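I have placed the structure first, in the form of structure tokens, so that the comments after it can refer back to it.
The values are calculated or read from the model by the stated rules, or taken from the named source; none is laboratory data. Computed from a prediction, not measured in an experiment: that's the story for all the values here. Quick reminder, even Gly has a Cβ in these numbers, built from the backbone with ideal geometry, and neighbours come from all protein chains shown.
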Amino acid sequence: MQSTTKAHQLIEDKARWTIRADSRDQQGLPVDPIDPQAVYWCARGAIIKCYANPEPTLKLVNDESFKRHSRGLCGVNDSLGHGPIWNIMRDLDI
């Protein structure tokens, strides 16, 4: 079942965003994005949490990341920061 929350809404607040892990718990330890203990997500983790079939959405965001920044979804998330990846996700209404 797909979440009613869009992935960009999940990480709109930078305090709920992370790098170098799909998601983290309150202590900052990596957990599965759909784990109820997850409270921080990277762009990829937010998509996995919010979409029952995340692969097409991950590909779409990855392709747009390359178009805009010459690097993939994780590269934009981990290297360029919250703003650039969040803008891509918001613009695509992901």
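Quick check on ALA38: is it of a type in the set (A, V, I, L, M), surrounded by fewer than 21 Cβ atoms within 10 Å (Cβ to Cβ), in contact with a strand residue (DSSP E or B) (Cβ under 9 Å, 6 or more places away or on another chain) and assigned to a loop (DSSP other than H, G, I, E, B)?
Spelling it out, it is not the case that ALA38 is of a type in the set (A, V, I, L, M), surrounded by fewer than 21 Cβ atoms within 10 Å (Cβ to Cβ), in contact with a strand residue (DSSP E or B) (Cβ under 9 Å, 6 or more places away or on another chain) and assigned to a loop (DSSP other than H, G, I, E, B).
How about the range 14-57: which of its residues are under 14 Å from ILE85 (Cβ atoms) and of a type in the set (Asp, Glu)?
Answer for the range 14-57, where residues must be under 14 Å from ILE85 (Cβ atoms) and of a type in the set (Asp, Glu): just ASP22.
Exactly one condition in (1) assigned to a helix (DSSP H, G or I); (2) farther than 16 Å from TRP41 by Cα is not met by ASP93; state its number.
Result: ASP93 fails condition (1) only.
Restricting attention to the range 62-75, does a residue exist that is of a type in the set (Ser, Thr, Tyr) and surrounded by 13 or more Cβ atoms within 10 Å (Cβ to Cβ)?
Looking through the range 62-75, at least one residue is of a type in the set (Ser, Thr, Tyr) and surrounded by 13 or more Cβ atoms within 10 Å (Cβ to Cβ).
Tell me which residues, restricted to the range 61-76, are among the polar types (S, T, N, Q) and free of Cβ contacts under 8 Å to residues at least 12 places away in the same chain.
Those that are among the polar types (S, T, N, Q) and free of Cβ contacts under 8 Å to residues at least 12 places away in the same chain: ASN62, SER70.
In this structure, does ASP78 turn out to be among the acidic types (Asp, Glu) and in a loop (DSSP other than H, G, I, E, B)?
Against the criterion (among the acidic types (Asp, Glu) and in a loop (DSSP other than H, G, I, E, B)), ASP78 does not qualify.
In the range 82-91, which residues are surrounded by fewer than 19 Cβ atoms within 10 Å (Cβ to Cβ) and either among the aromatic types (Phe, Trp, Tyr) or without any contact (Cβ under 8 Å) to a residue 40 or more places away in the chain (or both)?
Across the range 82-91, the qualifying residues are GLY83, PRO84, ASN87, ASP91.
Being buried (at least 19 other Cβ atoms within 10 Å of the Cβ), over 15 Å from ILE19 (Cβ atoms) and not aliphatic (A, V, I, L, M) is the filter here; which residues of the range 41-56 pass it?
Within the range 41-56, LYS49, CYS50, PRO54 meet the criteria.
Might you let me know whether the range 15-22 holds any residue that is part of a loop (DSSP other than H, G, I, E, B), more than 18 Å from ASP91 (Cβ to Cβ) and free of Cβ contacts under 8 Å to residues at least 24 places away in the same chain?
no
Can you find, within the range 1-14, the residue that is surrounded by the most Cβ atoms within 10 Å (Cβ to Cβ) among those that are part of a loop (DSSP other than H, G, I, E, B) and aliphatic (A, V, I, L, M)?
Selected residue: ILE11.
Out of all the residues in the range 61-74, is one or more at pLDDT 95 or above, more than 12 Å from the chain's Cα centre (by Cα) and of a type in the set (A, V, I, L, M)?
No; the residues of the range 61-74 include none that is at pLDDT 95 or above, more than 12 Å from the chain's Cα centre (by Cα) and of a type in the set (A, V, I, L, M).
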